[in-house]
2 protein chains.
Amino acid sequence: MRDPASKKDVALEDMASGCVGCVTRSLCLGEGLNQQQLKGLERIITIRGPYRTGQAIYRLEERFNSLFIIRAGTVKTESVSQEGNNLVDGFFFQGDVFGMEAIGSATYEHDAVALEETWVCELPFEQFESLCQFVPRLQHKIMLLFGQKMRHTNQSIVHGRCQSVEQRLMGFLRMLCQKSVLQDEKCRSSVQLVMTKGDIASYLGLRPESLSRALRKLQSRGIIRNHGKRVEVLNVSAVSSEVCK
Amino acid sequence: MRDPASKKDVALEDMASGCVGCVTRSLCLGEGLNQQQLKGLERIITIRGPYRTGQAIYRLEERFNSLFIIRAGTVKTESVSQEGNNLVDGFFFQGDVFGMEAIGSATYEHDAVALEETWVCELPFEQFESLCQFVPRLQHKIMLLFGQKMRHTNQSIVHGRCQSVEQRLMGFLRMLCQKSVLQDEKCRSSVQLVMTKGDIASYLGLRPESLSRALRKLQSRGIIRNHGKRVEVLNVSAVSSEVCK
DNA sequence: TTAACGAATTGATCTTGGTCACCGAATGGG
DNA sequence: CCCATTCGGTGACCAAGATCAATTCGTTAA
């Protein structure tokens, strides 16, 4: 991650442009908007970054004002369980919107923490709501996003409860491959983990030890190779298929 | 439930009125709208009912067109897990909106099934989106609803994963008491279960046997009394307090 | 009323994942 | 460069909840 030639070291000029020239636009809320509408969106967003690994974009109980969209990098959101453990609620990648759980609440519900060098667009929510009044397409897009988010949660978390650890893990790897492909055309069968194994375990509702064992089992079944921070998917079709085990 | 004097036998005339005279309005999307705005909402909704116990309001893979709001009664949504079991994803009570997971999808993601005599308002989503363009307050309300829903899911499901069965069960009973209070001012410490124990177990991610044992444990601790379809909450403060066990 | 079915409960046993203890490797700060 | 700290992995053991099998209870149907 300190490698100066790494793709993660984002060109500053790419990050300075507004919505109209944004390289991430095809993934973003701005997708499908015309020039004028994009200008409207551009007027209310603020580009923020670079956040360094471990830096917070917002913190639990800070006043909620804005949604955030990732231009480059990765973010996790985490909260604190009743027992006082940290609990990772989500990972967010290029083009993803985060902060939505705070809508209708006075304050944020999580810490949002950068997992690598990260740039985001800050989208003040009140102004965004006003803009939606004038741009039906934008209103529509945010609704789609809500629906997607609910479906994803239901699929991965609710249905995850009646899956084995290995199934849930494969689902996670599948998601990671899909998201990584967006960032990086090549090597869709190998994933560089930007989060710790502990974070992944927490996200999957496991102890780190159990995740470690599950990875070992998948490796012994020839489905993956687990090299520390890099996971190779050897049997793509096994991981891709919904029904497995 | 066959008792003719039961509060569940809804007066037909109450169900015939539009939004303006609706008894459920204080719970509904229409809350806070002026007469004219309510009329707009009233124009696009259709009142449907009565649905009998077990009847579907919509089914998995049917074309998604509308959200639904409960005027009277109770609904569960359920889907099918990979292993082919039914999986209860949610319970919905008076004033609750369901069908939101299907937004942005061509078809519904669940079966929605009435658990008792039930009346709903059908809200065609496209027309609703158009209406939101003209009624900022309505757009704002639906956004709040999305945020609430996401927070609720995160709280109950995600955080539920690191709770004991008894804690999750108490959380469920707490929710049930709150919702029942809305329907029925008296006896807030006793809940008539309209869903089966099997449904509750599924919703909590348990086997029916495990739920039964958990109920017995709470009873032996003097917190509840479990009489088949009726659950009495003896120690309200224990169930109400967030942190328990 | 009785028969029949599904829901609820109970006990015995097994499995999965959690807990605890430890070690080695990687990472970051002085 | 070294040391401290965090991260990742392993084994032994334990406990919560699943599974299987049997019984009781309640509701509906005949």
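Observations
- Among the candidates B:CYS121, B:CYS132, the residue that is over 21 Å from A:GLY84 (Cα atoms) and in contact (Cβ under 8 Å) with a residue 60 or more places away in the chain is uniquely B:CYS121.
- Pairs meeting the criteria (first residue in region A:156-182 and more than 10 Å from chain B (Cβ to nearest Cβ) and farther than 14 Å from A:SER240 by Cα, second residue in a helix (DSSP H, G or I) and within 16 Å of DNA strand C (Cβ to nearest atom), beta carbons under 6 Å, at least 6 apart or on different chains) are A:VAL165/A:ALA214.
- Conditions (1) modelled with pLDDT of 90 or more; (2) within 12 Å of DNA strand D (Cβ to nearest atom): number failed by A:LEU204: (2)
- Any hit, region A:113-132, residues being more than 16 Å from DNA strand C (Cβ to nearest atom), closer than 30 Å to B:HIS110 by Cα and within 9 Å of another protein chain (Cβ to nearest Cβ): yes
- Search result, residues across region A:68-102 that are within 8 Å of chain B (Cβ to nearest Cβ), of a type in the set (A, V, I, L, M) and out of contact with any Ser or Thr (no Cβ under 8 Å at 6 or more places or on another chain): A:MET100, A:ALA102
- Condition met for A:VAL239 (at pLDDT below 90, within 14 Å of chain B (Cβ to nearest Cβ) and more than 19 Å from A:ALA114 (Cα to Cα)): no
- Count - residues of region A:101-134 that are within 13 Å of B:MET143 (Cβ to Cβ) and of a type in the set (Phe, Trp, Tyr): 2
- For region A:49-67, the criterion of being more than 14 Å from every other protein chain (Cβ to nearest Cβ), under 22 Å from A:LEU144 (Cα atoms) and not charged (D, E, K, R) is met by no residue.
Rundown of residues vs (1) farther than 30 Å from B:SER210 by Cβ; (2) over 17 Å from the mean Cα position of the chain (by Cα), yes/no style:
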site	(1), (2)
B:THR118	no, no
B:VAL135	yes, yes
B:LYS141	yes, yes
B:VAL158	no, yes
B:MET175	no, no
B:VAL194	no, no
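- Residue check for A:GLN148: assigned by TED's automatic domain parsing to the domain that holds A:GLU83, within 30 Å of B:GLY205 (Cα to Cα) and free of Cβ contacts under 8 Å to residues at least 12 places away in the same chain: yes
- Considering residues of region A:199-212 that are under 19 Å from A:ARG161 (Cβ atoms) and near DNA strand C (Cβ under 8 Å from one of its atoms) only, the residue surrounded by the fewest Cβ atoms within 10 Å (Cβ to Cβ): A:ARG207
- Residues in region A:196-245 that are part of a loop (DSSP other than H, G, I, E, B), of a type outside the set (Gly, Ala, Ser) and under 23 Å from the mean Cα position of the chain (by Cα): A:THR196, A:LEU206, A:ARG207, A:LYS229, A:GLU242.
The values are calculated or read from the model by the stated rules, or taken from the named source; none is laboratory data. Remember, it's a predicted structure, so these values are computed and weren't measured experimentally. Ideal geometry is used to build each Cβ from the backbone, glycine not excepted, and the neighbour counts take in all protein chains shown.
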